[in-house]
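The numbers here are math on the coordinates, done by the rules we state, and not lab data. Since the model is a prediction, treat every value here as computed from it, not as a measurement. Ideal geometry is used to build each Cβ from the backbone, glycine not excepted, and the neighbour counts take in all protein chains shown.
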Amino acid sequence: MADQSPKAIINELLVEVFNQILSIEQQNLRERGVELSMNEVHVLEAIEKTDEPTMSTIAKRLRVTVGTLTTSVNRLVAKGYCERDGVKGDRRKVSVGLTDKAREVLKVHEQFHDEMIDAVIEDLHLEENHVLIDSLENLNSYFKTKY
């Protein structure tokens, strides 16, 4: 990496960290008995974190089309993780809810994230390192405003 430009190094590191987290997350969930794809888990998470979980608001949160989300939700409904219901007063809107089975998966998912962050903080002594935290906050803000 020493011969690369800072731009190329940052790109390589961001892509590598992102891919490692997804891979470790998928492996960890499999080891804990979760047989869903990471995409499906992230759809469940978006449903949980969306104040008004209609197909359009969930799709917007995930930055996908309603058609793409429909495919994922159809699979999750068939597997027993989601329930779909019409919104009273507006037949065009469809609300999506989580089943208890989905909530159990999300507990496992959240536990993985808690353990991962605890390990990172402990191993890298991040509670003392505000530079990385500030940089990640800036990066997050940039992506939110830019994209």
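A few remarks follow.
- Counting only aspartates and glutamates at least 8 places from K101 when in the same chain, those with an alpha carbon closer than 16 Å to its own are E35, E40, E45, E48, E83, E110.
- Proxy reagent accessibility, fewest Cβ within 10 Å first, across T71, T145: T145, T71
- Taking N as its residue count, the alpha carbon Rg of segment 41-105 over 2.2 N^0.38 Å: 1.00
- Between helix 66-78 and the chain there is an angle of about 70 degrees, using the helix long axis and the longest principal axis of the Cα atoms.
- Length-normalised contact order for segment 6-146 - Cα pairs under 8 Å, 6+ apart - percent: 19
- Signed unit charges on C-beta, dipole axis of segment 6-146, positive-most listed residue H113, H42, L132: H42
- Ignoring lysines fewer than eight residues from K146 along the same chain, the ones with Cα atoms less than 28 angstrom from its Cα are K7, K49, K60.
- Expected 222 nm ellipticity per residue - DSSP helices of 4 or more, -39500 (n - 2.57), all of the chain, to 500: -23000 deg cm²/dmol
- Rg and Dmax of the chain, based on Cα coordinates, read 18.3, 62 Å.
- Compared with the dominant Cα axis of the chain, that is its longest principal axis, helix 38-49 is turned about 70°.
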